[in-house]
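Below is one structure; the comments refer to it alone.
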Amino acid sequence: MGRWCVVVAFILSALAMAQEPVELDEYRQPAIKTNGNCFIKGGTIWTGMGQVIEGGSILVRDGKIAAIGKDLTPPDGIPVIDATGKFIMPGIIDAHSHIATDAVNEGTDSITAEVRIHDVLVPQSLSIYRALAGGVTAALILHGSANAIGGQSVVVKMKWRQPAERLIIPDAPRIIKFALGENPKRSNFTGETVRFPTTRLGVEAVIRRAFDEARRYMKAWERYERERQRNPHALPPRRDLRLETLADILRGNIWVHCHAYRADEMLMLVRLAKEYGFKIAAFQHALEAYKIAPELAAAGVGVSTFADYWAYKVEAYDAIPYNAAICLRAGIITSVNSDSGERMRRLNLEAAKCIKYGDLTPEEALRLITLYPAMQLGIAHRTGTLEVGKDADISIWDGHPLSVYSKCVMTLVDGEVLFMRRDAFGVDKTATVRRELSLCRTDHLALPTPPPARRYAIVGATVYPITQPPIENGVVLIEGDRIKAVGKNVAIPKDAIVINAKGLRVYPGLIDAGSVLGLTEISAVRATVDTSESGDFQPDLQALVAVNPASEHFAITRFVGITAALTRPTGGVISGQSAVIHLAGWTPDEMRLKSPAALHLNVPEGLGGLPSFVRLMMEPQQIQQLLEESGTRLQRLRDFLRRAKLYAEAKSKGAEVAFDPRFEAMLPYITGKLPVIFHANSARSIRTALQLADEFGLKAVIAGGRYGWKVADLLAQKKVPVIVGPLWTLPASDYDPYDAPWANPAVLHRAGVKIAFQSASAATARDLPYQVGIACAFGLPHEEALKAVTINAAEILGVADQLGSLEAGKVANLIVTDGDPLEVTTNLHYLFIAGKPVPLESRHTRLYLQYRQRLAQPMPLASGQPTSQQVSSSGATQ
């Protein structure tokens, strides 16, 4: 006990002394206490049932919605929450999560139906608070997917730090987790396993065997019950908790939610469910559900899917972001889920992607994270819409809830305020907020690509040159691979192809300042990954030589307006040299913009990457070992840089030196001609990077910079730019404000640091514009955000003479959009790389158009939108 007191005292004193934002539990307690009774007034209410009430109010009594409408007045004596100018919507429901547990998988057996997530809930988990900060009020907490039949799941409300029993929704159905495919057959398990099954054949067989055994068990108890009527002393069968659970599945008392990816395996379980008579409430993930949407609709099976997550393993390679839309159009109860404590915080944006990918309406997209998951979890009679008599699970937003520029400012569960936004970084005053969602209903996939030509003239658009003010009704003239002219009164040659862009916008192509595009295809398949070499010091490795121009990631990333990227090696201490490339080209040389572009150095983190309370809890030998390993690597790095400097000095003096390819590769960096990009996240490692740069005369750039907000003034003083990201990450410490990753760019900019953004990915590189957009919601000025993915990125990467702005003489990388390129719902209409129009098709659009045709054919079940009338009194889909 004494040690804990010392620890707590140390932490509190350290935090009090620090001149930086912190977030203690006491700061997370809302200032408003309602006891389940309140009056919310003056907001734009989305009921989730197709009704929008401007300037509406909601009366909450005893945790329930008592009244909703325009002309309500607050009763005396209850708290009034002023939501004027804000948006009020149902609390978000996540149909797939693993947060707030101290165990997820019982991986010892293929069938573990007897274990319960109920028993391992951790209500004190900070992940619940962070979910509330994203407007999430309820979730299905699932067992993991290591087993063909895993453990029993539980449906909870996000009642942070309350007793576990209060989190559990008492009248939600019992739910169990099944899993198919790579996970239960242990395809990507790194350890040695001899556990059956190891094939999809075996997965089907093990489920069938389990239910056959459960049937025998049921019959044994039925015989016993009959025998007991004749003989009170009859001996019962052995009680088996696993078989009891399987029997309850067969009786219909437990709903099945099944992890699945491929179409064939989903159909297999549908057949098995029909044969054995159990209910599949939903396929979780269901990334190929679009291929069999008519069959799933006919079977009455729901789909809970990712919005656009793909390519992380083989069975996710045919995942497309149009999956949710196709399933919904087929008549399937469809939801968008997180499967991630980080993604859970921005499920509103995941839903918004289904407007872009599949042309859903905002109301349909909203239901993907409210009504439809409520139906899948059997709680639609309680929550999922704002209706009189339902639980007061409500989230309030400062802007349109489906806009990247909006943030949740308050969340209520059962009428009690459990989250209120606290502006720890002081960024709200510079935040971008949008009350309207810009939508263009043009089928941009049907737009023809302009024919090949030497000259193109884009006319009638609003042109955003970035380095000067926007030009209304402007003209951009392209000649060859260059921009010939930009302005209002540009003479258009007679042989130019004229593109009428009236009502549209023209921007420079966006730049991802740090990715692994072209170097990885499927992250779980080693043969397709060329990012990390063995050995700590490999400066002569060149990323460009391994770039695969045929990678599907290029077309998919182009689709959001990214036309150029830095792609880099990632391993060791000194990883190698990156290249800035076009995202189109027949060969790596044709894609080259600059190679080599920079040297990449991973700063040894040591204890600097750990929060102080973690360090205090470590055993002395653990601390010593970590310090020694980090210190050794840092010392070896210093020795290597010192030798490289001596090598360069000797060569500059004409001395005879033994040729060393590694030190030859270091010459442009050790002499300051090209930048060294230090990958560093903790404040300590950033300071170490700056010290190394000063010590060896390196031209430094920081990448990652998660804790840049702690050393922003130092970075500004040193004039060192930061390539921020990825922003899809959680705060590194329990004591960091919940919005630290998202506010970090604003704090850096405010201090005077030049910033760009990186995805640090291939599969999620297409999310980069939205990561930049969310930085705007948390204080980064919109104009600066656009610069960060255009001219700033070009300057930091040394290609500003070619890219980053619309100016005569620069390479003609540009995009034509129907809205703000940082907004999730914006679509591209045209894209040019090096002066050539590039088709906006990809693996994803081809699969979408192919399988969308099935919906026009006769289906087993009439297509149409699921409605609340399809929900029975228990919340089950009928």
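The values are calculated or read from the model by the stated rules, or taken from the named source; none is laboratory data. Keep in mind the model is a prediction, meaning the values are calculated, not measured. Reconstructed Cβ throughout: ideal geometry from the backbone, glycine too, with neighbour counts over all protein chains shown. These area figures cover heavy atoms from the full protein model, side chains too; ligands, DNA and RNA do not enter into them. Shrake-Rupley method; radii C 1.70, N 1.55, O 1.52, S 1.80 Å.
For the reader, a short list of remarks on this structure follows.
- Condition check for Ala453: assigned to a loop (DSSP other than H, G, I, E, B), surrounded by 24 or more Cβ atoms within 10 Å (Cβ to Cβ) and not charged (D, E, K, R): no
- Annotation note: Cβ proximity below 7 Å between a residue of the stretch 478-504 that is without any contact (Cβ under 8 Å) to a residue 40 or more places away in the chain and a residue that is open to solvent by 90 Å² or more (accessible area, probe 1.4 Å) (sequence gap 6+ or interchain) occurs for Lys488/Asn473.
- Of the residues making up the stretch 139-168, those that are over 30 Å from Thr199 (Cα atoms) and open to solvent by 10 Å² or more (accessible area, probe 1.4 Å) are Lys159, Trp160, Arg161, Gln162, Pro163, Ala164, Glu165, Arg166, Ile168.
- Contact map, the stretch 206-229: first residue in a helix (DSSP H, G or I), second residue open to solvent by 50 Å² or more (accessible area, probe 1.4 Å) and of a type outside the set (Gly, Ala, Ser), Cβ cut-off under 7 Å, separation 6 or more or different chains; pairs are Val206/Phe196; Tyr224/Pro236.
- Residue match in the stretch 417-439 (condition: open to solvent by 50 Å² or more (accessible area, probe 1.4 Å), among the hydroxyl-bearing types (Ser, Thr, Tyr) and touching a residue at least 40 places away in the same chain (Cβ under 8 Å)): yes
- Restricted to the stretch 31-54, and to residues there that are outside any loop (DSSP other than H, G, I, E, B) and charged (D, E, K, R), the residue that is least open to solvent (accessible area, probe 1.4 Å) is Lys41.
- Filtered residue count, the stretch 491-511, keeping only those that are buried (at least 18 other Cβ atoms within 10 Å of the Cβ) and over 36 Å from the mean Cα position of the chain (by Cα): 1
- With respect to the conditions (1) over 20 Å from the mean Cα position of the chain (by Cα); (2) closer than 23 Å to Leu822 by Cβ; (3) charged (D, E, K, R), Glu387 falls short on a single one, namely (2).
- Taken over the stretch 770-818, the criterion of being of a type in the set (Gly, Ala, Ser) and free of Cβ contacts under 8 Å to residues at least 12 places away in the same chain is satisfied by Ala800 alone.
- Matching residues, the stretch 521-564, being open to solvent by 10 Å² or more (accessible area, probe 1.4 Å), within 19 Å of the chain's Cα centre (by Cα) and polar (S, T, N, Q): Ser523
- Elements of type strands (runs of 3 or more DSSP E) contained in the stretch 67-138, each with 1 or more residues being open to solvent by less than 20 Å² (accessible area, probe 1.4 Å) and of a type in the set (S, T, N, Q): 92-97
- Residue tally, condition surrounded by fewer than 17 Cβ atoms within 10 Å (Cβ to Cβ) and in a loop (DSSP other than H, G, I, E, B), over the stretch 55-66: 1
- Among residues of the stretch 574-589 that are closer than 21 Å to Pro668 by Cα, those with a beta-carbon under 6 Å from a residue that is part of a loop (DSSP other than H, G, I, E, B) and among the small types (Gly, Ala, Ser) at least six positions away or on a different chain give the pairs Ser578/Ala597; Ser578/Ala598; Ala579/Ser595; Ala579/Ala597; Val580/Ala597.
- Considering residues of the stretch 474-490 that are under 36 Å from the mean Cα position of the chain (by Cα) and surrounded by fewer than 18 Cβ atoms within 10 Å (Cβ to Cβ) only, the residue farthest from Ile791 (Cα to Cα): Asp481
- Scope the stretch 541-565; condition of a type in the set (D, E, K, R) and in contact with a strand residue (DSSP E or B) (Cβ under 7 Å, 6 or more places away or on another chain); matching residues: Arg558
- Residue in the stretch 169-193 that is least open to solvent (accessible area, probe 1.4 Å), counting only those that are among the charged types (D, E, K, R) and either at pLDDT 95 or above or not in a loop (DSSP other than H, G, I, E, B) (or both): Lys177
- Answer residue from the stretch 297-331, given it is out of contact with any helix residue (DSSP H, G or I) (no Cβ under 6 Å at 6 or more places or on another chain) and aliphatic (A, V, I, L, M) and is farthest from Ala374 (Cα to Cα) among those: Val314
- Helices (runs of 4 or more DSSP H) contained entirely in the stretch 745-853, each with at least 3 residues that are out of contact with any Lys or Arg (no Cβ under 9 Å at 6 or more places or on another chain) and at pLDDT 95 or above: 768-777, 782-788, 843-852
- Contact annotation: residue pairs with Cβ atoms under 6 Å, 6 or more positions apart or on different chains, pairing a residue in the stretch 46-59 that is closer than 15 Å to Leu412 by Cβ with a partner that is small (Gly, Ala, Ser), are Leu59/Ala66; Leu59/Ala67.
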